[in-house]
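So the structure is just underneath, and the comments pick up after that.
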Amino acid sequence: FLLVLVGKPFLHILLAALLLASVAPEAGLGSPSGSKKAELWIEKLNHIEVATRIEAREQLLGMGPEVIGPLLAALDSPQWRTRQSAVWLLGELGDRSVAPRIVRLLQSTAVSDVDRFLGVGTLEKLGGAEAQAALEAALEDPSPSIRNAAAASLAAKQRETKAPAKLKGRSCELY
């Protein structure tokens, strides 16, 4: 019936648009919302093209707190780029509620030292008592890179708290 009503060329365009919406919802038609949209961007964190990964990070940061759940789930991804980007993004978002999960990542022997190293940086960004305790415990880590990163992070925090008020939060070049 539709073929007779609108004609064959229009029907092909309509079918192509419906197919596009089901295959690539971020293209506009049938656009997902919330965590589904975040999951689509998280998949792109492992893309071979650097520009695509950077765009995905920017999009996820722009989505704010709604991406925290999907990013926490991404910490268990088998893809190293996805895991490591998720750790970094969680630090950039700055929500301290993720600290317990980052502490578990830092203490895990099942993930790479690079993942754990990024966890140190995330805990430094998050701050708080739990992050501080985890960084202090990491000083005894079997991995030299984790021990060194934890020591550097704690030293940076100590310098920050001892800095004059007008310099707090500024880069080291100002000291």
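For the subset of the range 32-47 comprising residues that are among the small types (Gly, Ala, Ser) and surrounded by 12 or more Cβ atoms within 10 Å (Cβ to Cβ), which member is modelled with the highest pLDDT?
First, the residues of the range 32-47 that are among the small types (Gly, Ala, Ser): 33-35, 38.
Add one more test, that the residue is surrounded by 12 or more Cβ atoms within 10 Å (Cβ to Cβ), and what stays is 34-35, 38.
Numbers: GLY34: 70, SER35: 76, ALA38: 94.
Step by step, filter the range 32-47, then rank; the result is ALA38.
From ARG53, ARG81, ARG101, ARG96, which residue is touching a residue at least 12 places away in the same chain (Cβ under 8 Å) and touching a His at 6+ places or on another chain (Cβ under 7 Å)?
Details: ARG81 fails: touching a His at 6+ places or on another chain (Cβ under 7 Å); ARG101 fails: touching a His at 6+ places or on another chain (Cβ under 7 Å); ARG96 fails: touching a His at 6+ places or on another chain (Cβ under 7 Å).
It is ARG53.
Got a number for residues in the range 48-83 being surrounded by 14 or more Cβ atoms within 10 Å (Cβ to Cβ) and among the aromatic types (Phe, Trp, Tyr)?
0
Taking the range 84-117 only, how many residues are of a type in the set (S, T, N, Q), open to solvent by 40 Å² or more (accessible area, probe 1.4 Å) and under 21 Å from SER143 (Cα atoms)? Before you say what the answer is, go through the steps one by one.
Initially, the range 84-117 is screened for residues of a type in the set (S, T, N, Q), giving 84-85, 97, 107-109, 112.
From what is left, the residues that are open to solvent by 40 Å² or more (accessible area, probe 1.4 Å) are 97, 107, 109, 112.
From what's left, under 21 Å from SER143 (Cα atoms): 107, 109, 112.
Going through the range 84-117 one residue at a time, the tally reaches 3.
Assess whether VAL120 counts as being modelled with pLDDT of 95 or more, within 20 Å of the chain's Cα centre (by Cα), of a type outside the set (Ser, Thr, Tyr) and open to solvent by less than 40 Å² (accessible area, probe 1.4 Å).
Values: modelled with pLDDT of 95 or more: yes; within 20 Å of the chain's Cα centre (by Cα): yes; of a type outside the set (Ser, Thr, Tyr): yes; open to solvent by less than 40 Å² (accessible area, probe 1.4 Å): yes.
It is true that VAL120 is modelled with pLDDT of 95 or more, within 20 Å of the chain's Cα centre (by Cα), of a type outside the set (Ser, Thr, Tyr) and open to solvent by less than 40 Å² (accessible area, probe 1.4 Å).
Helices (runs of 4 or more DSSP H) wholly in the range 50-93 with at least 2 residues that are closer than 17 Å to ARG104 by Cα - which ones? Outline the logic, then answer.
Working: elements: 50-63, 68-74, 80-93.
So the answer is 68-74, 80-93.
The values are calculated or read from the model by the stated rules, or taken from the named source; none is laboratory data. Keep in mind that this is a model prediction, so the values were computed, not measured. All Cβ positions, even for glycine, are placed from backbone atoms using ideal geometry, and neighbour counts span all protein chains on display. Accessible surface is based on the protein model in full, side chains and every heavy atom, while ligands, DNA and RNA are left aside. Shrake-Rupley method; radii C 1.70, N 1.55, O 1.52, S 1.80 Å.
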